[in-house]
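Participant: For reference, the structure I am asking about is given below.
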Amino acid sequence: MEMYQFAHDAAACDAWLQQQQAAMRDMPVKGQSVQEAERLLRQLDRLEKGTVPWEERFAALEKLTEVRH
């Protein structure tokens, strides 16, 4: 059962990471104006805040993969 839960959580985390990577690839490298740069900063801020809930899930997955002695 633990293995199935791990696989489910790993798949969910992987899908989330792929979404974030796509969002970053689509984000321009620089703004053409102050307003555009501010919009990009807000977008980056939202992206960073969006990672917070996932940090615990990644940590839990990492802990499950540690070798126990």
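The values are calculated or read from the model by the stated rules, or taken from the named source; none is laboratory data. Source: prediction; values computed, not measured. Here Cβ is always computed from backbone atoms with ideal geometry, including for glycine, and neighbour counts include all displayed protein chains.
Participant: Only one of (1) modelled with pLDDT of 80 or more; (2) closer than 24 Å to Ala15 by Cα fails for Asp26. Which number is that?
Facilitator: For Asp26, the failing item is (1).
Participant: Between a first residue in the range 1-13 that is assigned to a helix (DSSP H, G or I) and modelled with pLDDT of 80 or more and a second residue that is surrounded by fewer than 10 Cβ atoms within 10 Å (Cβ to Cβ) and among the acidic types (Asp, Glu), which pairs have beta carbons less than 8 Å apart while being 6 or more apart in sequence or on different chains?
Facilitator: Here the result reads none, with nothing in the range 1-13 linked to a residue that is surrounded by fewer than 10 Cβ atoms within 10 Å (Cβ to Cβ) and among the acidic types (Asp, Glu).
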